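Colleague: My questions all concern the structure below.
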Amino acid sequence: MLAHRNTRPWLALLLLSSVGCCLLLFLLLPPPEVSAHAIESPPLKKIALQMNVGFDNVYRFGYWTPIYITANNPAKQVTGTLAVKIITGPPRTNIAGIASPWVFEEKVTLPAHSQKRFVFNIPFYLGNFIPRGVNATFQDGNGHILATDNEPSGYEVKPGDLLIGVLSDTPTGIGALTYVTLPNQTSSLTTSPLDANTFPTTEAVLDNFDVIVLDDFNTKDLKPAQITALETWVNQGGVLIEVGGPQWRRTLSPLPANLLPVSIDGTRLLSAGTNLLPPGNTPAFNPEEMPFPSTLPESVIISTAALHPQHTFFGSESILSTGSTPLLAQTHQGQGTICYVAFDLADDPLVSWQGVNTLWSIILIHAMGDKFLIPNVTPSYYSGPGHILTRGGILSMIKTETLIGPWIIIVLLLAYILALGPIRLLIVKGLKQPRWWNWRIFLACIVIFSFISYELAFYQRNTSLMNNSISLIQVNQDGSTAHITNYMGIFVPNQGTFNLHLSGNTVAQPITGQMLSDSHAMATEDNDPSMFTMEADGMNLNRQVSGSWTFHPIVSEQDSQFHGSITTNLNLQDNQIIGTIKNTLPTSLNDVYILLPQGFASLGHLAAGAIQHVKIPLHNSSFWSARPLADQLAENGKLPNAYFPYTNNAKPQNDFQRHIALLEALNGTGFSFSSCAGPCNTHAITSGNNIFVTGGRVPNPILFNTYDPLLIPGAEATLIGWPDQDIASINNLSINGGHPAGTHDTLLQMPLNIAINNPADIPAHFITGKIIDIQSYDAQLALPGIYSMSAGSLTFEFLPPATEQLHSNSLTISVPDLIAHPGGPNTGLPTASSHLQIHLYNWLKASWDSIKLNQDSFMTTDVSKYSGPEGRVLMTVSSSNGNRAFFAQPSLSFHGDKIMRD
């Protein structure tokens, strides 16, 4: 009887441990699949759907594309779901009918006898397939399909070709743009009319356009979200052309001041015979083209304006003027360009003028010259959501730390058996009271392993709520609005679904396995069904998970406004950055740097609400060292070049190391795309959402390029730092109704203005040439900042550090000849004969002077001869005797005691 009583607790404990293991097995194993049967749809009701794809049936592959649906309900009120999906087909076939697994839907109510319009923003990326059309359906609450519509995908704008949006109440006059001839365009320019109803409210959708023309339009009709999207789009690299003329008040007055390069005060009559060809420009390159009259055919009304006063390095410039009145003006805003035209090119008499097409081409080339030097036969690739093909290392940083795989159950059960069996017997064998210790060890094993099972099951069950993320905040020039790209890594141990809710005006999509084929990171499958539900407070992403233990990277984009900003008043003097930085953001910034081409200055910590006086040295790097800024910052922090421990399955040991690893990931470290034969940042040209693989065919195979992803293109300097707190509600998301745990890093980038008053303080190669005219049929970019050609010429403009007249003792022009000096001048490497011919524009004679380079440079003390309005210097580069010439981006240096403003 005693023995019988002693076995009962043993059996109870054994039963308890078995239940614990079964619970663990139940929680870890994937749930059974549930089959779904299609619901029979009743005959279609009278509800009608009418759909318009893209921008007037125009779209770009790989971009977020708007789908406009008008629902007409002639019967009683009905509530249901409006859903949209893309229909695809294999390339090089006419087969269509493969439905995308991504469905975008919205819960809607159609009142009786009503017509309502809905907008869906959909990413037009479908792996190896191409869009063939779009399908829309309307279902009631019981799943009955009440209406459907199918539309073809429309006309695709090919990579490298321009798409121009036109905001105009009389858009017919802009039709002349379609006849403009520009280099390396596979077809005529594509224009799409826009209005207050079709203008996007987010930069991610507006990013489809290379150029937006604002002409004779009531800008007051635009909503605040549309104005913010326009500002952000310009800051992200868009070109905004603003037309003044007699309708300037309704068109330009409602714009914020930071979107205007001039201050307009009225109108006047511009007399006939006024020259409309900017100095140094000639008609577009065409040997058979007849000369056209470059003067105004008859008088026209223009808006009168003055350039904004500038106290920074790069200010507004007047490209063409009459007296002190600018006719064509341009300024930079972040990465983008804003062009002002004082006369209306879409109105009489200019719309029918013979030279209107050439004037349009001058405006476009002046704003985005390098873009037209990418050969239209160059292989191109979609860079992926969030430009993941150039930043793929980020995926290694957001992988969640989890115990992966069902082998954990097997290991735990084997350890449990060993502990209860051989290990227990081995322990009690040498003890004096084996029976007394035996049941205590047995009981301890059961308790310990039951606790481990429960904790492991709880941890693994909640791992789907784990989310590591990295956010990139690119602040606009005004400092209070920004474009945010958020990379999220969600780990899902089981089959089933997970729901991700993102608040605000956000677009999001999974990063599919097609994009990650070269990555060692675990990737989601392309065919996993995903449902995107648009709601008033944001977006829900419901994703069906087809496998166990899978990693799901997701990228989202949004435009955001936040309280506070960073304002600066900085000067570059004696190789130091001197001035003040005011941080009115609600958070401090850590590891703050000011970045310039070939140099940086370290600020360290920038406290919230503080005004910091700075006088910090500028760390310079040789122009020919080809060292990216990320490597320079790593070395300054005692870390090796290309520091990225994730490639060795290691982790950074502190915040600073993690920050440097992120900068290296942005530089391309940790990921390579096979088509680029290495990191695309250094082996190809990135333009918009496309990667153009030129092959890097240059004389020196290890030659650098001038692109550095840490710098904001077009900005004088870039500030980077890591906020302590979430400043834009980036992490205001939920997964399966809960707030996920995980690590979150945020990098802030912001363009800075820096004043320079002494020519001696201007860093070498800091004033770089910008393409403003192309007179060559074979000129091209080999890599960013590396040009080649054998015929014709390229015209470069240099804009010095003042908007008023510059006084200096001398100036030096440098044109790195990569044939004569493939490793750079004065490097000791073998040299060859130069094929370059250089001309400088003589502003006193209004003609071109031939000059001769000595060791890739030319110096003159006759500054007034070659320095025009706003100190502009113009130069042409051509090749002699039809030889192929290779040269790097030209640069300008001034010498003297100071820069004086008249």
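The values are calculated or read from the model by the stated rules, or taken from the named source; none is laboratory data. The structure displayed is predicted, hence computed values, not measured ones. With ideal geometry, Cβ positions are generated from the backbone for all residues, glycine too; neighbour counts draw on all protein chains shown.
Colleague: Every residue in the range 51-69 that is in a strand (DSSP E or B) and not polar (S, T, N, Q), please.
Modeller: Met51, Val53, Val58, Tyr59, Trp64, Pro66, Ile67, Tyr68, Ile69
Colleague: Read through the list (1) exposed (fewer than 15 other Cβ atoms within 10 Å of the Cβ); (2) assigned to a loop (DSSP other than H, G, I, E, B), then give the number of the only condition that Leu639 fails.
Modeller: So the condition that Leu639 fails would be (1).
Colleague: So which residues in the range 855-866 are surrounded by 21 or more Cβ atoms within 10 Å (Cβ to Cβ) and either within 18 Å of Pro279 (Cβ to Cβ) or outside the structural domain of Asp773 (by TED's automatic domain parsing) (or both)?
Modeller: Answer for the range 855-866, where residues must be surrounded by 21 or more Cβ atoms within 10 Å (Cβ to Cβ) and either within 18 Å of Pro279 (Cβ to Cβ) or outside the structural domain of Asp773 (by TED's automatic domain parsing) (or both): just Tyr866.
For (1) of a type in the set (Asp, Glu); (2) modelled with pLDDT of 85 or more; (3) within 21 Å of the chain's Cα centre (by Cα); (4) in the same structural domain as Leu606 (by TED's automatic domain parsing), each residue gets a yes or a no:
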| position | (1), (2), (3), (4) |
| --- | --- |
| Ser471 | no, yes, yes, no |
| Asn499 | no, yes, no, no |
| Thr506 | no, yes, yes, no |
| Met515 | no, no, yes, no |
| His520 | no, no, no, no |
| Asp528 | yes, no, no, no |
| Arg543 | no, yes, no, no |
| Ser548 | no, no, no, no |
| Phe551 | no, no, no, no |
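Colleague: Would you mind finding the one in Pro379, Pro349 that is over 14 Å from Asp773 (Cα atoms) and either surrounded by 22 or more Cβ atoms within 10 Å (Cβ to Cβ) or not assigned by TED's automatic domain parsing to the domain that holds Phe209 (or both)?
Modeller: After applying the criteria, what remains is Pro379.
Colleague: Sticking with this structure for a sec: Quick one: which of Glu156, Glu203 is surrounded by fewer than 20 Cβ atoms within 10 Å (Cβ to Cβ), acidic (Asp, Glu) and within 30 Å of Val108 (Cβ to Cβ)?
Modeller: Just one listed residue meets the conditions, Glu156.
Colleague: Could you say whether any residue in the range 737-748 is buried (at least 22 other Cβ atoms within 10 Å of the Cβ), under 19 Å from Ile388 (Cα atoms) and of a type in the set (Ser, Thr, Tyr)?
Modeller: Within the range 737-748, one or more residues are buried (at least 22 other Cβ atoms within 10 Å of the Cβ), under 19 Å from Ile388 (Cα atoms) and of a type in the set (Ser, Thr, Tyr).
Colleague: While we're here: Among the residues that make up the range 446-457, is at least one of them among the hydroxyl-bearing types (Ser, Thr, Tyr), at pLDDT 70 or above and within 31 Å of the chain's Cα centre (by Cα)?
Modeller: no
Colleague: Look at Ile720 and say whether it is touching a helix residue (DSSP H, G or I) at 6+ places or on another chain (Cβ under 6 Å), buried (at least 20 other Cβ atoms within 10 Å of the Cβ) and either at pLDDT 80 or above or assigned to a strand (DSSP E or B) (or both).
Modeller: No.
Colleague: Could you check, for the range 145-155, whether at least one of its residues is outside any strand (DSSP E or B) and within 30 Å of the chain's Cα centre (by Cα)?
Modeller: Looking for residues that are outside any strand (DSSP E or B) and within 30 Å of the chain's Cα centre (by Cα), one finds at least one in the range 145-155, hence yes.
Colleague: Would you point out the residue of the range 759-794, among those that are assigned to a strand (DSSP E or B) and over 26 Å from the mean Cα position of the chain (by Cα), that is nearest to Ile319 (Cα to Cα)?
Modeller: Going through the qualifying residues, I end up with Asp773.
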